[in-house]
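This report concerns only the one structure given below.
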Amino acid sequence: MPADDARPTSGSTTPGKGRPTPKRREAERRRGPVAPPPTTRAEARARKKALRASMTKVERKEVAAERRRVRLEQREKMMSGDEKFMMARDQGPVRKMARDIVDSRRNFAGLFLPFAIFLLVVLMLPNLAVIGNLVLLAFVLLVIIDSLYLGRMVNKRVRERYPDTTDTGFRLGWYCFTRAMQLRMMRAPRPQVKPGDKV
């Protein structure tokens, strides 16, 4: 083929690559057979083991480091509120609004874990055991009342803003309660509002 043919021509046409585009069948034949996905866990484990055996120690470390990096990156995106990386239970505008309402108020349920640890210490002292039990009972009642109020409030506000949603009732209330029970620093996704912010 002359060298002049390889030079780009002026105008709007794109020069040819000098060979015909291969058909899909030919490209697949050249690439070789592609193994079907594993049908069982045992088969998947066997393939993983065979792949590990075919790699050097350095390659295995590189693959593990890359997987770790991707996993941490995905977790960070999930924690920052990127819905593509969230679990199904956390997705959607209704769940985001519910999280924001929970995170914008101080909940009795959030104090339960530190209070329970403190109370365990108190219950070890025989003189304070009876008082400790009464305080624990009172605190549990406060948590129940506050959580019921939180669930009703969230459901009411969600129905006002999203009247067509079916994500209401006990399911949404339980979602709010489980989030409120966690210490603020341990909540996932990370809180997007500060206590006292208007939602």
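FYI, it's all coordinate maths here, none of it is from the lab. Since this is a predicted model, take the numbers as computed values, not measurements. Glycine also receives a Cβ, built like all others from the backbone with ideal geometry; neighbour counts cover every protein chain displayed.
Restricting the search to the stretch 160-183, which residues are of a type in the set (A, V, I, L, M, F, W, C) and surrounded by 12 or more Cβ atoms within 10 Å (Cβ to Cβ)?
Let us first name the residues in the stretch 160-183 that are of a type in the set (A, V, I, L, M, F, W, C), namely 170, 172, 174, 176-177, 180-181, 183.
Answer for the stretch 160-183, where residues must be of a type in the set (A, V, I, L, M, F, W, C) and surrounded by 12 or more Cβ atoms within 10 Å (Cβ to Cβ): LEU172, TRP174, CYS176, PHE177, ALA180, MET181.
All but one of (1) closer than 27 Å to THR168 by Cα; (2) surrounded by fewer than 13 Cβ atoms within 10 Å (Cβ to Cβ); (3) under 23 Å from the mean Cα position of the chain (by Cα) hold for ARG69; state the number of the condition that does not hold.
Among (1) closer than 27 Å to THR168 by Cα; (2) surrounded by fewer than 13 Cβ atoms within 10 Å (Cβ to Cβ); (3) under 23 Å from the mean Cα position of the chain (by Cα), ARG69 violates only (1).
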